[in-house]
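The values are calculated or read from the model by the stated rules, or taken from the named source; none is laboratory data. Quantities reported herein were computed from a predicted structural model and do not represent experimental measurements. Cβ placement follows ideal geometry from the backbone for every residue including glycine, while neighbour counts extend to all protein chains displayed. Each accessible area value is taken on the protein alone, full model and side chains, heavy atoms only, with ligands, DNA and RNA left out. Shrake-Rupley method; radii C 1.70, N 1.55, O 1.52, S 1.80 Å.
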Amino acid sequence: MKHTRIAAAAAAAFMLAAGAASAATEVVIQYPYGELFNETHKQIVAEFARKHSDIKVTMRAPYESYEEGTQKVLREAITNQMPDITFQGLNRLRVLVDRGIAVGLGKYIKAEKDFEAEGFHQAMFDIGTMKNEVYGVPFAISLPVAYYNLDLVRKAGGNPDKLPTSWDEVFALSARIDALGGDINGMSYTWNITGNWLFQAPVFSQGGSMLNADETKVAFDGPEGQWAMKQLARMVTEGKMPDYREADLRAAFAAGKTGIHFTSTSDLAKITGMIGGKFDLKTAKFPDVKPGVGRLPAGGNLAVILSKDPARQKAAWEVLKFWTGPEGAAIVAKTTGYMPPNKKANEVYLKDFYEKNPNNYTAVTQLPLLTKWYAFPGENGLKITDVIKDHMQSIVNGSRAKEPLVVLKEMAADVQALLPRKTN
């Protein structure tokens, strides 16, 4: 009899646990760039599960890119098949807000107690604010930096302790590295990175903008944009930059075949792993940021809640808080090259991390230059991104490298034609 009672109690306990497990609210997440973020999300999921048995997190296969992620959400919104939380590029939030897809987070933020003590702050919310409402919380922030192969720098007569701070110096060193011969490239610049990010960077670095204040007219064809396009052309004519795809540019640098590589700090963990100690790597600041007016666009992505179901939405908020809170943010910094926007992550969880990892700290020193990654307005916003990319390609492939200002003029006209027309 005693054994029967014990067995019955055990069975009851098992049924109770099974019932609790089945009662867990599921939150479905989808994010971009698996090669960068798979390990990051895997670690955060495991940490979250240890502390939240009432919520089950399910991960969908990653989006290939920010553009693909946005397009997928737009299609899924029609059939109501969206994930509960989507991670979108900072410049892709606008379209989800304009279409009424993103969920406003103001009521959740307002209800939180001691939110600031957990590292959340106004500047963090400003990044995801549209139309005076917070619709996204930044998860991973990046800025453009330079990566140097110090072995090639030394061979070319450069000084690893005094790396270039201007584009003139970059091109001069790049040409010397290229002159080493063989299959060595002087430099590379991931101009084809998502969302025209590295076209915006040199324009913003001079104090320029993409459009005028009321977003009715192209502004990147002014002096700042002209300067930026000239630098792109010089990368080809003076810096000897090859016309490779983004992934191939990364691979060539990691293989020791490129001297100087410009891209996002988000690539740091991946590139460091690919190098595997084959050569000395050092990161440096983005060149020629004009004092006083120059800025750099914040890259990276933010978490956006899409679920309209009250229970799932509430659970999604708990998930979003953990992912963007101090514990999730610290995992981001340690598994990628991204910077966490969460203050507690930087001041407590990562207190010693940057001292031991100076290459990660380079981008942190550029945080005062942070500005929004611009998203073009209207139905043609994504198409404009492709138009700009196509025109830049004509310079990078060498066919129009000697006429960058002509290319810029045509690019501006094509973008102007795609902008929404203001109605009275």
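Some points to look at:
- Taken over region 332-354, the criterion of being over 20 Å from GLN122 (Cβ atoms), surrounded by fewer than 22 Cβ atoms within 10 Å (Cβ to Cβ) and under 22 Å from the mean Cα position of the chain (by Cα) is satisfied by LYS334, THR335, TYR349, PHE353, TYR354.
- Given (1) within 28 Å of ASN132 (Cβ to Cβ); (2) open to solvent by 10 Å² or more (accessible area, probe 1.4 Å); (3) at pLDDT below 95, index of the condition SER65 fails: (1)
- Per the conditions (1) open to solvent by less than 20 Å² (accessible area, probe 1.4 Å); (2) in a helix (DSSP H, G or I), the sole criterion not satisfied by TRP373 is (2).
- The sole residue among VAL415, VAL387 that is hydrophobic (A, V, I, L, M, F, W, C), part of a helix (DSSP H, G or I), touching a strand residue (DSSP E or B) at 6+ places or on another chain (Cβ under 7 Å) and under 25 Å from SER205 (Cα atoms) is VAL415.
Yes or no, residue by residue, for (1) surrounded by fewer than 24 Cβ atoms within 10 Å (Cβ to Cβ); (2) assigned to a helix (DSSP H, G or I); (3) not acidic (Asp, Glu):
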site	(1), (2), (3)
GLN200	no, yes, yes
GLY208	yes, no, yes
LYS230	yes, yes, yes
ALA233	yes, yes, yes
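- Close contacts from region 28-57, counting a first residue that is surrounded by fewer than 19 Cβ atoms within 10 Å (Cβ to Cβ) and a second that is polar (S, T, N, Q) and assigned to a helix (DSSP H, G or I), with Cβ to Cβ under 7 Å and a gap of 6+ residues or different chains, come to GLU39/THR335; GLN43/THR335.
- Residues in region 312-354 that are part of a loop (DSSP other than H, G, I, E, B), over 15 Å from GLY119 (Cα atoms) and not polar (S, T, N, Q): GLY337, TYR338, ASP352.
- Only a single criterion out of (1) touching a residue at least 60 places away in the same chain (Cβ under 8 Å); (2) open to solvent by 20 Å² or more (accessible area, probe 1.4 Å); (3) of a type in the set (A, V, I, L, M, F, W, C) is not satisfied by ILE141, namely (2).
- Filter result for the condition that a residue is surrounded by fewer than 23 Cβ atoms within 10 Å (Cβ to Cβ) and touching a Gly at 6+ places or on another chain (Cβ under 9 Å), over GLY181, GLY195, GLY222: GLY222
- Meets criteria (open to solvent by 40 Å² or more (accessible area, probe 1.4 Å), at pLDDT 95 or above and either basic (Lys, Arg) or in a helix (DSSP H, G or I) (or both)) for LYS270: no
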